[in-house]
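One structure is given here, and the rest of the page talks about it.
The values are calculated or read from the model by the stated rules, or taken from the named source; none is laboratory data. Keep in mind that this is a model prediction, so the values were computed, not measured. Keep in mind that these areas ignore ligands, DNA and RNA; they rest on the heavy atoms of the full protein, side chains included. Shrake-Rupley method; radii C 1.70, N 1.55, O 1.52, S 1.80 Å.
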Amino acid sequence: MRKYVVMCAGLSLTLAFTGCKSSESAYKKAYEKAKAQETVQQSPAESEQNAIVAPVQEKAANDVKVVDNADNVQVRQERVSLVNGSGLKSFSVVVGSFSLKANAEGLQQRLRDAGYDAQLVKNDERNMYRVVATTFDNKADAVTSRNELRGKYADAWLLYNGAH
């Protein structure tokens with residue numbers, strides 16, 4: 001009886017160890033798959049050769065408007081039209097953007113209730129209504145206001161109105 005138990009245990013161990021061994025064909029398949037992917041991918045030098053480059057468009061120096069960015073604060077420039085409010089100055093703090101006018105008007109009213117001279121402008125190119133909380137003639141004041149408003153409106157950003 002003891003002989004059978006030892007023989008069964010040995011046979012079980014043998015089957016267990018041979019069952020866990022990976023076959024050579026599995027390794028070969030993985031190697032071939034990796035080689036096939038390697039040949040499909042291009043090297044960076046080949047990618048640069050196939051890259052499409054847009055032609056350079058020259059502009060006269062007086063066509064470029066330089067906005068002071070010495071303080072390294074990002075400012076977006078968009079073409080917007082006033083929908084509701086007293087008018088924009090050069091730099092404005094935008095606290096909300098909406099595709100539906102009613103949503104933008106709701107935020108504008110909440111800002112007015114909080115004491116801001118909130119305004120509503122529209123970017124026709126993107127079909128978006130922008131809610132402006134504050135507007136200033138200089139960038140430094142706009143940055144200060146934006147930083148204060150970010151406490152409640154984390155995504156507040158600066159809009160430059162070049163038409164002003």
D (Stokes-Einstein, µm²/s), Kirkwood Cα radius, region 114-159, 0.890 mPa s at 25 °C: 214
Surface accessible to a 1.4 Å probe, per residue, for the residues of region 68-141, Å²: 56
Note, ³J(HN,Hα) from phi for region 124-134, Karplus 6.51, -1.76, 1.60, rounded to Hz, x at Gly and Pro: 5, 5, 9, 6, 10, 9, 9, 9, 9, 7, 9
Amide hydrogen neighbours beyond the local backbone of residue 134, cut-off 5 Å, H modeled: 93
Under the Karplus curve 6.51 cos²θ - 1.76 cosθ + 1.60, θ = phi - 60°, whole-Hz ³J(HN,Hα) for region 143-153, x wherever Gly or Pro sits: 5, 4, 5, 4, 4, 5, 5, 5, x, 9, 10
Under-5 Å amide H pairs with residue 118, H placed in peptide plane, nonlocal only: 112
In sequence order, calculated HN-Hα J values of region 110-115 (Karplus, 6.51, -1.76, 1.60; Hz; x Gly/Pro): 4, 5, 5, 5, 8, x
